[in-house]
Structures are given as C-alpha cells and as structure tokens.
1. Applying the selection to the range 269-282, what residues are near the ligand (Cβ under 6 Å from one of its atoms) and surrounded by 23 or more Cβ atoms within 10 Å (Cβ to Cβ)?
2. For the range 350-423, which fully contained helices (runs of 4 or more DSSP H) count at least 2 residues that are of a type in the set (D, E, K, R) and in contact (Cβ under 8 Å) with a residue 24 or more places away in the chain?
3. Criterion first (within 21 Å of L155 (Cα to Cα), surrounded by 14 or more Cβ atoms within 10 Å (Cβ to Cβ) and touching a strand residue (DSSP E or B) at 6+ places or on another chain (Cβ under 8 Å)) does Y38 satisfy it?
4. When the residues of the range 1-53 are filtered to those that are within 16 Å of the ligand (Cβ to nearest atom) and free of Cβ contacts under 8 Å to residues at least 40 places away in the same chain, which remaining residue is farthest from E115 (Cα to Cα)?
5. Spot the failing condition for L291; the list is (1) within 10 Å of the ligand (Cβ to nearest atom); (2) within 22 Å of V59 (Cα to Cα); (3) under 22 Å from the mean Cα position of the chain (by Cα), and only one is missed.
6. Got at least one residue in the range 250-263 being within 10 Å of the ligand (Cβ to nearest atom), more than 20 Å from the chain's Cα centre (by Cα) and at pLDDT below 95?
7. Step by step: first the residues of the range 345-364, then only those that are over 32 Å from the mean Cα position of the chain (by Cα) and of a type in the set (G, A, S), then the one that is nearest to L380 (Cα to Cα). Which residue is that?
8. Starting from residues that are surrounded by fewer than 15 Cβ atoms within 10 Å (Cβ to Cβ), touching a residue at least 40 places away in the same chain (Cβ under 8 Å) and aliphatic (A, V, I, L, M), keep the ones in the range 151-196 and report whichever is nearest to Y288 (Cα to Cα).
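The values are calculated or read from the model by the stated rules, or taken from the named source; none is laboratory data. None of the values given here were measured: they were computed from a predicted structure. Here Cβ is always computed from backbone atoms with ideal geometry, including for glycine, and neighbour counts include all displayed protein chains.
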Amino acid sequence: MSMRIQSIRGMHDVLPPASGALRYVEQTMQAVLQQYGYQEIRLPILEHTELFRRSLGTVTDIVEKEMYTFEDRNGDSLTLRPEGTASCVRAALQQGILFRQPVRLWYGGPFFRHERPQKGRYRQFHQLGAETFGLAGPDVDAELIIMCRHMWQRLAILPRASLQINSLGTLQARQRYRAALVEYFRQHERRLDDLEKQRLEANPMRILDSKNPELAEIIGDAPGLTEYLDPESAEHFEGLQSLLDAAGIDYDINPHLVRGLDYYSKTVFEWIVPEQGSQATICAGGRYDGLVEQLGGKPYPAAGFAVGLERIMALLEETWNSDTEIDAYLVLVGDQAVLAGMQLASQLRDHFPSLSVVVNCGGGSIKTQMKRADKSNAKLAIILAEDELRDNTVGIKFLRERREQETIPRDNLVSNLDKYLGA
Ligand code: HAM
C-alpha cells in the first residue's frame, strides 16, 4: 500500500459541523460590517515579497521568520499573504480607490504564517479584517472598536472580551520613546537573551512583547509610551477615550501594547479573552497613517483591525450546537419511487429556496433508508414506497418529535410542508 499523504503541519481541513460554525461566524460579522457601510474587497493570496518587507518592517517576527516565501517560475520572489493590511493599501493605491474617499473596506479568507503550531496558532488561519482610508480623527478609531463590540454582541461572546488600547504617537514620539527604552534595557542587558540583545539594537519595542518569564518584571517597570506622546497624538488619544466612554465601552490603557508590526502610529488596540491563554487576542488593529506614503502614495490617514476566526471559533466551541441543517430526507423504495422522488425533490427546492432536501441514493430497504434519514439529522423523512406510489401519496415521518406518522396526497406536500417543518 502506498503511503497516505497528510496535510501540512499547522494547516487544517475544516470539517462539518465546524465548517458550519465558521460560516456562521463569517456571516454574522459580515452582516455587522454591512450595517456600518463597509464594502468587501477581494485580494490575491500571493503578493510580491517586497510588499510585506516594506510595510510590516524587516525586524518583525513575521518578516524575519514567518513568511512563506518562494521564487516562482519567473524568478520573482512571492509570499503567501501573512496579513491583509499591506495588500489592502497596495490595492487601494493601484486601483485609485483612495480618490473615492472616505473608503471603508473589509476582507476575509486564509492567511499564512510559519509559526510554531499550537492551540489557537496555526500556519494557515482565517482573518476577517476591516480597513478605512481618508479619516484622520479618533471618531473612526472609535467606530472600528464599537463595530467590534457589535460583532461580539451578535456572537454572544461580549462578556468574555476585554479591550486594551494604547497610543504609539507619531514617528518622532516613537523615536524619543525608543531612545528611552534602549537606555532602560541597557541597564538590564545581562538578563536579556541573544534575540533580545539583537532587538535592543534593531527594534527595542519588540522586547516589550517578549514571553521570557525572567523579563516579566523588568518589562513591567519599563517606561510606557504614553509619557513620550506628542501633543497631537495625546489629544487624539484623549478624543478616542471620550468617544469610548460615551459609547459605554470599558477599556484598559496598556502603555506596553506596541503590536508586532511596524506600520502603526497613534491608536493601537487589542480585544482579548484572557482565559484563552495562547489564543487570548481575538482581534487586533490600529491606525497606520504612514503606510500609504511608505508604499508610494501621498500621506493618507488609515486605520483598521483584523479578527482571528479560529480564536472566535474556539470560544463558540462550547455553545456551538451542531443542529441539523437538513430539513427533509427523501426515502425512496424501488426504481419508480426514485424517478418520482427526484422530481418531487426538485419541486420542493424550487418552491422553498432555502429548504435542504437530501434524496436517498444507493437504494436499500425502507429500514436501511430510515436509519440513514435519522443519521442525517433531518427533521422529516418523506417516504415514497410501493403503497405511496400506487395511491399517489407520501408518508411523513417526524424524526425529531413524538408525533404520529402521516400520509397525505402527494399534490398537497408542497403547500403543507411549512406546517410539517414547524416554520
Ligand atoms: P495581527 O495581530 O498580526 O494583526 O493579527 C490579527 C489577529 O489574527 C490576531 O489577533 C489573531 O486573532 C489572528 N492571528 C494572527 N496570527 C494567527 C495564527 N498564526 N493563528 C491563528 N490566528 C492568528 C494583523 O494581521 C493586522 N493586519 C491587523 C490590522 C488591520 N491592523 C490594522 N488593520
């Protein structure tokens, strides 16, 4: 026997009923995005590697070690998208959509990072993200956060989610802060490991994200960015807080929230579910006013977020019920019944566009077919066997309630089906 081929580590098949849960999560969030006037943009899964190097920053985990990068047949360096913001800005510039300002977009689909797989951290995962362009004030930052709250409400996970916010200020403010951090961590240099020492030179703010337990206390005492904010960013941050207060949104200001990507400026935020451990951050985002210019456009304000769908799914795992999605199972005994039953199923589907009807295929006795009907989770079995064919009737058996089986004229089925399904 030849060896079976397995899927790639960290890349998973999504089987039913989880696939149904994923679709439910996506549709619920998309309905909220639509209510706020966001429109979908579909982006390619592959981009030029240079796009991510230039936007995410070269001294970031993603660019240093997590990208799936390869040369294509033309010798071009391509990368499977590790996130969506860079592509969204690339597309907005390339397609000239920034002139239609303000722009509110959303996107979704698979993303790829070569991380160490563990619960909540995968090499192929799904995000749903939103990006806005052309709006500089804290009002749209607040809108993004309020929209997230709306999504958590709809998904019934709001009580478990908490919000952390911070401001990274302007580039100049961050440079001042960076200098203060380097000075601070230099005093503790012997406690830093090799990677952290490298980071001290290249990107000291990344040390704040270190998971090294030895550093927890030092990081806790490190200077916070808030003290180094420029007046404009400070005002923006206060404006955001007033808007969140007015919307009744609780938040914590986390002065060490720096995010792992270089493009952020001013507002950054994360929604976390603390008891989820390694998958605590369900959504992350912020403002990136410098990125459009960095990718070749004019300076242009922008802000957005992305939600990790596997992490939402993990929260729903306990409440997600794999209830039937099938309404009726057609039990068809004998060749004549199959002919009539296929037609009947088509009529039902035409008449009720959202009805799901499974037709028994592969024959079998009535007993076998009834077992299959039951296993399919359908609500009703609609039976066409010898007697029903002769009498022009159908049998209706209720699979999920204690109710007598009925026999009705076949012509009455379409008009009465709602009643039997309890719709
Ligand atoms: P990010 O923090 O890298 O931000 O990812 C956003 C979310 O995606 C995370 O909070 C997490 O829920 C999920 N996620 C990230 N990596 C993985 C993984 N390996 N496995 C499972 N879930 C994961 C961004 O991607 C930014 N583009 C967000 C943004 C949009 N900022 C502004 N606009």
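1. We begin by selecting, within the range 269-282, every residue near the ligand (Cβ under 6 Å from one of its atoms); these are 281-282.
Residue satisfying the conditions is I282 alone.
2. Values: elements: 366-375, 386-391, 413-421.
Passing ranges, in order: 366-375, 386-391.
3. Values: within 21 Å of L155 (Cα to Cα): yes; surrounded by 14 or more Cβ atoms within 10 Å (Cβ to Cβ): yes; touching a strand residue (DSSP E or B) at 6+ places or on another chain (Cβ under 8 Å): yes.
Considered against the rule, which asks whether it is within 21 Å of L155 (Cα to Cα), surrounded by 14 or more Cβ atoms within 10 Å (Cβ to Cβ) and touching a strand residue (DSSP E or B) at 6+ places or on another chain (Cβ under 8 Å), Y38 comes out as yes.
4. The residue in question is V14.
5. In the conditions (1) within 10 Å of the ligand (Cβ to nearest atom); (2) within 22 Å of V59 (Cα to Cα); (3) under 22 Å from the mean Cα position of the chain (by Cα), L291 misses (3) alone.
6. Checked the range 250-263: at least one residue is within 10 Å of the ligand (Cβ to nearest atom), more than 20 Å from the chain's Cα centre (by Cα) and at pLDDT below 95.
7. A345
8. L171
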